[in-house]
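First the structure, in the form of structure tokens, and then the observations on it.
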Amino acid sequence: MGNTKYILGSFADPDEMMHGIDKLQKNNVSIYDCFTPMPIHGIEDKLGVKPSRLPIAAFCFGALGTTLGFSLLYYTMVHDWPMNIGGKPSFAIPNFVPVTFEVTILICALGMVATFFYRNHLFPGRTPRVMDLRATDDRFVIAIDARENTDHALIDSLLKEAGAVEVKYNDRKYVSYE
């Protein structure tokens, strides 16, 4: 067991997994992560996951898009190639609104997709990182760092008391699909 990196408790039911999280936290066992085949309401609060900072990135990308859209229109319509269209002034702000809005949405959307992929390490060609392959299908898995929590027998008994179908000792961080 000296080579064990993670202890994986596999549950068949999400309520049992939530009960397992409570049991482990009451006994001061730190949980590395949980892997589930579907979103579970309230699990972030139980695990102490901080709120996402993606809205800050969205605002920055939106401001960049607005600046780029307005600057592009200003440069082309006022500075570089001013045209007299129907007697309107070259710098008519209401005419700039639709294009500026669309460029804002475009830059914000593309920036958010790129940020999401970067933040979650979803690069092209990367093999999926999964602790237990059944966590993508029908199992709810609690992963516990075995090096931080040295009382493996206590963790094993707590997981089984909470309703774990299986408790595995993993010597690798992730399994591969191959």
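What follows is calculated from the coordinates using simple rules that are stated; it is not laboratory data. Here the structure is a predicted model, which means the values were calculated and not measured. All Cβ positions, even for glycine, are placed from backbone atoms using ideal geometry, and neighbour counts span all protein chains on display.
Work out the FRET efficiency for LYS46 and ASP171 from their Cβ-Cβ distance, taking R0 = 35 Å, and round it to the nearest 0.05.
That pair, LYS46 with ASP171, gives E of 0.80.
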| said: Per residue of segment 154-166, what does 6.51 cos²θ - 1.76 cosθ + 1.60 with θ = phi - 60° give for ³J(HN,Hα)? Whole Hz please, x for Gly and Pro, Karplus curve as stated. | reply: 5, 4, 4, 5, 5, 5, 5, 5, 6, x, 5, 6, 8
| task | Beta carbons within 10 angstrom, averaged per residue: use that to sort the peptides 132-143, 72-83, highest first. | result | 132-143, 72-83
| query | Looking at the chain from every direction and averaging, what is the projected area of its Cα convex hull in nm²? | reply | 14.8
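Could you give the length gained by full extension between ARG129 and PHE59, i.e. 0.36 nm per residue of separation minus their alpha carbon distance, to one decimal place?
Details: separation 70, 0.36 × 70 = 25.20 nm, distance 2.99 nm.
Extra length available between ARG129 and PHE59 comes to 22.2 nm.
For segment 76-118, which chymotrypsin sites (Phe, Trp or Tyr not before Pro) are in a loop by DSSP, counting at most 14 other Cβ atoms within 10 Å? Please report the intermediate quantities before stating the final value.
Numbers: sites: PHE91, PHE96, PHE101, PHE116, PHE117, TYR118; in loops: PHE91.
When the chymotrypsin sites (Phe, Trp or Tyr not before Pro) of segment 76-118 are filtered for loop state and at most 14 Cβ neighbours within 10 Å, PHE91 remain.
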| Spacing of the two label points (7 Å from each Cα toward its C-beta) at LEU154 and TYR74, in nm | 6.3
| From the phi of every residue in segment 45-56, what ³J(HN,Hα) in whole Hz does the Karplus formula 6.51 cos²θ - 1.76 cosθ + 1.60 yield, where θ is phi - 60° and glycine or proline is x? | 5, 5, 7, x, 6, 6, x, 5, 9, 4, x, 5
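Between ASP15 and ARG147, what FRET efficiency follows from the Cβ-Cβ distance if R0 is 35 Å, with the result rounded to 0.05? List each step's numbers first, then the result.
Values: r = 29 Å, r/R0 = 0.83.
Rounded to the nearest 0.05, the efficiency is 0.75.
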